Amino acid sequence: MLIFITGALIGYHSFTYGIIFDEIMIQNILETNFSEACELISWSYVGYVALFGLLPSYLIYKLGIKEQSPKIFYKEKVFVCFISLSLALALFFSFYKDNIALHRNYKQLRQLLVPFRFYWSSYNYCYKSFYFADKGLFKISDDASLQNNQTKNGKKNIIIFIVGEAARAQSFGLNGYTRDTTPLLNKSSVLNYKNFHSCGTSTSISVPCIFSHLGRKQFDVKQSYKSENLLDILKKLDFQITWYDNNSSSKGVALRVTKEIDQFDNTQHCLNGSCFDAVLLDALTKHFPLKHQNNFIVLHQKGNHGPAYYLRYPKAFEKFKPVCKSTNFKNCTQEEIINAYDNAILYTDFQIAELINLLQYKEAEYNSAVVYVSDHGESTGEKGIYLHGLPYMIAPKEQTHIPFIMWFSNGFINQYQINLNCLHKATNTRLSHDNIFHSLLGLLNIKSLHYNKALDVFASCKS
Ligand SMILES: [Zn+2]
């Protein structure tokens, strides 16, 4: 009865005004006043609620509750649930490709579910308003301090941290892929870690996890919103932090330290509100010269965001052909999907190489480092699985085995006393997002109670 009544109460507004009951709408409902609300009540609204809410509720009420022994009751329920669930799963999987593509391409469909979206948004709204409001921020930056901070060569320090999107390790030429998808990085002097694994299989989990002091097993995404992270520590130590975002957002990571820059009015690299990752590099180029001694800049890429891989790179990067030019994978062969995917990797190779070129060009003024890590991997039809986001326990390696690359300018190596040979020897070690927080603290000579030496790849590779 509750479902019918709320369904009618909000369904009317969805149909007549096209209203979506997201969290902001819940807030609007709670913050409205009596006269404003009264204006929305009409005879047709009353009639609609009576017909689709009250009438079915009345019929359910009249049906009454059958008296039954609990044993028969539960037997019947279990049977009905089992049959219903089996039917639902059979239906879903017989149109798996369509379903997956549909939900990816039309995310707003989920917003239209009446009345379940309303329940979900209400829950989220309450959770965020009350739960977070009560618990204070969990601070990890208070005790952090910089060691050996004297500049050795008078240059400013800059670390560019690239968060990739849906790039998987096996599709990187650097990792031995049969196709040369990373021709420029192959020729560069990057450190390439071949056995690196993600914290999650989706952006919303992996991005906050990358910057968290907690490892995958302890990490909780809801907790992460009320905990400080690596960026808070850097901010406390006077690093100038900038977050450029060509993806969805920093997922709360940059909330306290900087305003995210996610609007690029760049006619060269953008079309219909969607931009190639070149906008990040463009924005970064305009960022120079830097005023601060220590700078930490995040570039959050669109990378290989699916299913429209073919929209992730300019025409010049269409090296592997033919490509899938549909967002509905049903219209493409697996080869076409992989071709488009690989072209997007080729484009990322170019972006990273260009960035290194830029920093090499500025070697005289800056000690610079580049760190590239993908947030998670991607399935491109292996065993009939596409995209990403499967629960970690059952996720295939395509979704969790990811590229991790680092590069340092000579000045940076000198300033931070990095032993490159030592690092090169460890590039086959099994590592994961868990190592990033601790390694960056180690790299930048930051002392903290939350630092774990065992997870720092630089621990034994600095002189
Ligand atoms: Zn992602």
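The values are calculated or read from the model by the stated rules, or taken from the named source; none is laboratory data. Just so it is clear, the model here is predicted, and its values are computed rather than measured. We place every Cβ from the backbone using ideal geometry, glycine too, and count neighbours over all the protein chains shown.
Annotation for the range 189-205: at least one member residue is small (Gly, Ala, Ser) and free of Cβ contacts under 8 Å to residues at least 60 places away in the same chain. Scanning the range 12-28 for residues that are at pLDDT 80 or above and over 15 Å from SER42 (Cβ atoms) yields SER14, PHE21, ILE26. Being within 16 Å of the ligand (Cβ to nearest atom), touching a Lys or Arg at 6+ places or on another chain (Cβ under 9 Å) and not in a loop (DSSP other than H, G, I, E, B) is a description that applies to ILE205.
Let's see how each residue does on (1) surrounded by fewer than 18 Cβ atoms within 10 Å (Cβ to Cβ); (2) within 21 Å of TYR310 (Cβ to Cβ):
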site: GLN351; (1), (2): no, yes
site: GLU365; (1), (2): yes, no
site: SER368; (1), (2): no, no
site: VAL373; (1), (2): no, no
site: GLY377; (1), (2): no, yes
site: PRO391; (1), (2): yes, no
site: THR400; (1), (2): no, no
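Somewhere in the range 65-73, is a residue of a type in the set (Ser, Thr, Tyr) and surrounded by fewer than 12 Cβ atoms within 10 Å (Cβ to Cβ)? Yes, the conditions are met somewhere in the range 65-73. Residue check: ILE345 meets all listed conditions (1) β-branched (Val, Ile, Thr); (2) within 16 Å of the ligand (Cβ to nearest atom); (3) not in a helix (DSSP H, G or I) but one, namely (3).
Kindly indicate whether any position in the range 386-402 is in contact (Cβ under 8 Å) with a residue 24 or more places away in the chain, closer than 18 Å to ASP277 by Cα and within 16 Å of the ligand (Cβ to nearest atom). No: zero hits. Filtering the range 216-236 to residues that are at pLDDT 90 or above and surrounded by 17 or more Cβ atoms within 10 Å (Cβ to Cβ) leaves ARG216, PHE219, SER227, GLU228, ASN229, LEU230, LEU231, ASP232, ILE233, LEU234, LYS235, LYS236.
So is ILE162 under 24 Å from ASP349 (Cβ atoms), touching a residue at least 12 places away in the same chain (Cβ under 8 Å) and outside any helix (DSSP H, G or I) or not? It would help to see each step written out before you state the result.
Working: under 24 Å from ASP349 (Cβ atoms): yes; touching a residue at least 12 places away in the same chain (Cβ under 8 Å): yes; outside any helix (DSSP H, G or I): yes.
Taking the combined requirement at face value, the residue satisfies it.
Can you name the helices (runs of 4 or more DSSP H) wholly within the range 1-81 that have at least 3 residues being of a type outside the set (D, E, K, R) and within 34 Å of the chain's Cα centre (by Cα)? Show your work before the answer.
Values: elements: 2-17, 23-31, 34-38, 43-49, 55-63.
Result: 2-17, 23-31.
Of the residues making up the range 148-173, those that are under 27 Å from LYS251 (Cβ atoms) and in contact with a Leu (Cβ under 9 Å, 6 or more places away or on another chain) are ASN157, ILE158, ILE159, ILE160, PHE161, ILE162, VAL163, ALA166, PHE172.
State whether the residues of the range 312-323 include one that is among the β-branched types (Val, Ile, Thr), touching a residue at least 60 places away in the same chain (Cβ under 8 Å) and either over 18 Å from THR182 (Cα atoms) or crowded, with 17+ Cβ neighbours inside 10 Å (or both). No, there is no match, as no residue in the range 312-323 is among the β-branched types (Val, Ile, Thr), touching a residue at least 60 places away in the same chain (Cβ under 8 Å) and either over 18 Å from THR182 (Cα atoms) or crowded, with 17+ Cβ neighbours inside 10 Å (or both). For GLN170, the conditions (1) of a type outside the set (A, V, I, L, M); (2) within 15 Å of the ligand (Cβ to nearest atom); (3) over 30 Å from HIS292 (Cβ atoms); (4) modelled with pLDDT of 95 or more are fulfilled apart from (2).
Listed here are the residues, each with its yes/no results for (1) more than 16 Å from the ligand (Cβ to nearest atom); (2) in a helix (DSSP H, G or I).
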position: GLY303; (1), (2): no, no
position: ALA316; (1), (2): yes, yes
position: PHE320; (1), (2): yes, no
position: GLU335; (1), (2): yes, yes
position: GLN360; (1), (2): yes, yes
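Would you please name the residue that is farthest from TYR386 (Cα to Cα), looking only at residues in the range 83-109 that are loosely packed, with under 11 Cβ neighbours inside 10 Å and of a type in the set (Ser, Thr, Tyr)? Restricting to residues being loosely packed, with under 11 Cβ neighbours inside 10 Å and of a type in the set (Ser, Thr, Tyr), the top hit is SER84.
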